[in-house]
Amino acid sequence: MFQLDAHPSGRHFLQIPGPTNVPDRVLRAMDQPTIDHRGPEFARLTLEILDGLKGVFHTTGPVIIYPASGTGAWEAALVNTLSPGDHVLMFETGQFATLWRAMAERLGLVVDFVPGDWRSGIDPAVVEARLIQDRAHACKAVLAVHNETSTGVTTDIPAIRKAIDRAGHPALFMVDTISSLASIDYRHVDWGVDVTVAGSQKGLMLPPGLSFNAVSDKAISASKHAKLPRSYWRWDETIAMNRQGYFPSTPATNLLYGLHEALAMLREEGLPAVFARHQRHAEATRRAVRGWGLELLCRNPAEYSGSLTAVLMPEGHDADALRREIHARFDMSLGTGLGKVAGRVFRIGHLGYFNDLMLCGTLCGVEMGLALRNVPHDKNGVAEALAWLQASGPPTATKAQRRAA
Ligand SMILES: Cc1ncc(COP(=O)(O)O)c(C=O)c1O
């Protein structure tokens, strides 16, 4: 059998910001015989999943499931709604915004890409100003990444919606929630989003391999006239067949078993408690970073991410050398610096299936790694985080208390 790690005992710490740790409950749910995807049991499975997903996306409209990574859902969002030569407005918040832009250009869209410093979210004032200038309404869509996984910086999505409305602009609004859905509060309908893009391997606690488009009526209307070529990614056939619980092509049956179980887990914990748990672990992590005397990449506290923290290395110290040391010594994976911040930051993922002591282990590994690599730091990081975890208490009732309630 393929050897998954070279360490003789204990569990690997997967602390990259996705894929995240898959709960044993989800693994067990997937470990069942694959069934006929045209049979009656399968239709029940699909309909229950689609119903559960609506709660997670906070939508009443369709959610399309693709057997693809998040990149597929990015493409689906664009090709279903836009036509060659259409203008779109995007913002350089980090590596994922940059990659989505590259895809848009490859597909023949004209991207107005507002430069950014990789340390801040999108400024709603800039959105408003750009759209007011566009009197002819050439811009067909505003695209935003809710949580930039490369930087640990969030964008205030309701504020962007308000900016589009203040400008009186009809552009579609598309949001990438790949590292925020089911980790950070997000509302597709209330926040006026037309296409929400998501993936399975982060807050949804599944392995990689599924991705999603939640779509508004306005997006569906746009898809009826959009001219970008599309076949596999078409929404209309999937939406039509989903009504009976089926898919136009073979779905990822066993990942759907896992999704069914993950949705049950999210329901049991309750989304507000899930979000509070993520915020509390993010705060503990930031306290650790400050306790080490290191700098957060995210500049603005209002934009701190609940799902990951990107940490800047002191000048002259390589973040990847630190990550390699920690992996070799403690069997823990941390996120690498991507794109413009490669080598300068490492990222601590604290999202998905996660608890206090997993975070303690993670932060201990980082603190020991800093010492082993002779990275200048104070020894107060773990102590600060532990003090916060102890003082802030569990964010919600225990499972037994919830069952009793
Ligand atoms: C915010 C964001 N968008 C898009 C992607 C691309 O998704 P995938 O790698 O699943 O194709 C990722 C991947 O981590 C991401 O974090």
Legend entry - Probe 1.4 Å, accessible area per residue of region 262-347, Å²: 38 Å²
Inset, instruction - Name the most mobile residue of Ile65, Ile178, Ile35, meaning the one with the largest mean-square fluctuation, in a Gaussian network model of the chain with Cα contacts below 10 Å. - result: Ile35
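Give the average over all directions of the projected area of the C-alpha convex hull of region 60-136, one decimal, in nm².
For region 60-136, the mean projected area of the Cα convex hull comes to 6.7 nm².
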Inset, instruction - Taking H placed 1.01 Å from N in the peptide plane, check which residues at least 5 places from Val114 or on another chain put their amide H under 5 Å from its amide H. - result: Met90, Phe91, Glu92
Inset, instruction - May I ask which of Lys54/Lys340; Lys227/Lys340; Lys54/Lys162; Lys140/Lys224; Lys54/Lys218 have a Cα-Cα span longer than 26 Å here? - result: Lys54/Lys340; Lys227/Lys340
Inset, instruction - Would you mind telling me which residue in Asn242, Asn147, Asn300 has the biggest mean-square fluctuation in a Gaussian network model of the chain, where springs connect alpha carbons within a distance under 10 angstrom? - result: Asn300
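Taking the chain on its own, what percent of its Cα-Cα pair distances exceed 29 Å?
Values: 36954 of 81810 pairs.
That tail contains 45 percent of the Cα-Cα pairs.
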Legend entry - Antiparallel %, DSSP beta bridges [both residues in the chain], to 5: 50 percent
Inset, instruction - Quick one: work out Rg over Rh on the C-alpha atoms of region 171-278, Rh as Kirkwood radius. - result: 0.98
Inset, instruction - Between the alpha-carbon centers of region 353-395 and region 267-344, tell me the distance in whole angstrom. - result: 11 Å
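Mind running the shape call on region 135-195? Use the C-alpha gyration tensor, a ≥ b ≥ c as the square roots of the eigenvalues: rounded below 1.5 for a/c, prolate if a/b tops b/c, oblate otherwise.
On the way: a/c = 2.29, a/b = 1.86, b/c = 1.23.
Prolate, because a/c is 1.5 or more and a/b exceeds b/c.
Once you order the gyration tensor axes a ≥ b ≥ c over the Cα atoms, which shape class does region 251-389 get: rounded for a/c under 1.5, otherwise prolate or oblate by comparing a/b with b/c? If you can, show how the numbers build up before the last one.
Numbers: a/c = 1.94, a/b = 1.59, b/c = 1.22.
Verdict is prolate for region 251-389.
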Legend entry - Projected area averaged over orientations for region 1-146, convex hull of C-alpha atoms, nm²: 13.9 nm²
Legend entry - Candidates Gly168, Gly352, Gly245: whichever shows maximal mean-square fluctuation once the chain is modelled as a Gaussian network with Cα springs under 10 Å: Gly168
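The values are calculated or read from the model by the stated rules, or taken from the named source; none is laboratory data. Remember, it's a predicted structure, so these values are computed and weren't measured experimentally. The area values use the complete protein model at the heavy-atom level, side chains included, leaving out ligands, DNA and RNA. Shrake-Rupley method; radii C 1.70, N 1.55, O 1.52, S 1.80 Å.
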